[in-house]
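In what follows, a single structure is set out as structure tokens and then discussed.
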Amino acid sequence: MLEECKTALERWGGVHRLIDRWLDQRRELLVTFMDLKEACDAELDAVEKSQIDAFSELLMDYISAGHFEIYPQLREEATAFHDHDALALADKLLQRLELSTELVLAFDEDFSTPSRCQHYLSRLPAWLDRLAKGLGERFSLEDQLIERLHAAHSPPPASRAAARLSP
């Protein structure tokens, strides 16, 4: 998709829009997380599998978008700008991101079926506490990736706005 862009501004402006959509996903994920946490705090036994599924689906979509769309685009941008320091940092940060990815996959597995959900429901509050910590670290690492691999190379905001307005 972005490989077909004609100018650097179009190309990296496209990455900027992709990141913006991903950060919107993050915001939606956090709202759903907070709703689930509040439901757990109010009455754990009343939490429905559909609520857990909605959160888990957003969580998996967010993680997948990072791994399969955002991180490769950020690496490609750093490569195009011959930013070897940024690429080295990306390798380190991506390794650290794997820890929270494993945490998310384990959560998804524990609550994947109605019987597993019922079996693990008593553990949901502890799971949410672990996810809060893991996602907090993940978001911080992802913000560092965006800052170092994209923001350092992107045009000033006025240039991005002009690029979006041009035909």
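Report whether or not Ala39 is open to solvent by less than 40 Å² (accessible area, probe 1.4 Å), within 26 Å of Val15 (Cβ to Cβ) and either in a helix (DSSP H, G or I) or modelled with pLDDT of 95 or more (or both). Judged against the criteria, Ala39 is not a match.
Checking Asp85, Asp53 one by one, the residue that is assigned to a helix (DSSP H, G or I), modelled with pLDDT under 95 and of a type outside the set (Lys, Arg) is Asp85 and no other. One residue stands out in the range 69-82 among those that are under 15 Å from Glu147 (Cβ atoms), in a helix (DSSP H, G or I) and not hydroxyl-bearing (Ser, Thr, Tyr): the one that is modelled with the lowest pLDDT, namely Glu77.
Applying the criterion of being in contact with a helix residue (DSSP H, G or I) (Cβ under 9 Å, 6 or more places away or on another chain) and either more than 19 Å from Glu142 (Cα to Cα) or surrounded by fewer than 17 Cβ atoms within 10 Å (Cβ to Cβ) (or both) to the residues of the range 5-21, the residue that is modelled with the lowest pLDDT is Cys5. Considering only residues that are open to solvent by 80 Å² or more (accessible area, probe 1.4 Å) and of a type outside the set (Asp, Glu), look in the range 86-114 and name the one that is nearest to Glu57 (Cα to Cα). Top of the filtered list is Leu105.
Against the numbered list (1) under 30 Å from Cys40 (Cβ atoms); (2) at pLDDT below 95, Leu105 comes up short only at (2).
Given the condition modelled with pLDDT of 95 or more, in a helix (DSSP H, G or I) and open to solvent by 60 Å² or more (accessible area, probe 1.4 Å), answer yes or no: does some residue in the range 56-66 qualify? Checked against the condition, which is being modelled with pLDDT of 95 or more, in a helix (DSSP H, G or I) and open to solvent by 60 Å² or more (accessible area, probe 1.4 Å), the range 56-66 yields at least one hit.
Across the range 69-118, the qualifying residues are those that are of a type in the set (D, E, K, R) and under 19 Å from Phe55 (Cβ atoms), and the one among them that is farthest from the chain's Cα centre (by Cα) is Arg116.
Among the residues of the range 28-39, is any of a type in the set (S, T, N, Q) and over 18 Å from Phe111 (Cβ atoms)? Quick ask: steps written out before the conclusion?
So the first thing to find is which residues in the range 28-39 are of a type in the set (S, T, N, Q), and the list is 32.
Then drop every residue that is not over 18 Å from Phe111 (Cβ atoms), which leaves none.
Within the range 28-39, none of the residues are of a type in the set (S, T, N, Q) and over 18 Å from Phe111 (Cβ atoms).
The values are calculated or read from the model by the stated rules, or taken from the named source; none is laboratory data. What you are looking at is a predicted structure, and each value in this text was computed from that prediction instead of being measured. Counting neighbours? That spans all protein chains shown, and the Cβs are built from the backbone with ideal geometry, glycine included. To get the accessible areas, we keep the full protein, side chains included, count just its heavy atoms, and leave off ligands, DNA and RNA. Shrake-Rupley method; radii C 1.70, N 1.55, O 1.52, S 1.80 Å.
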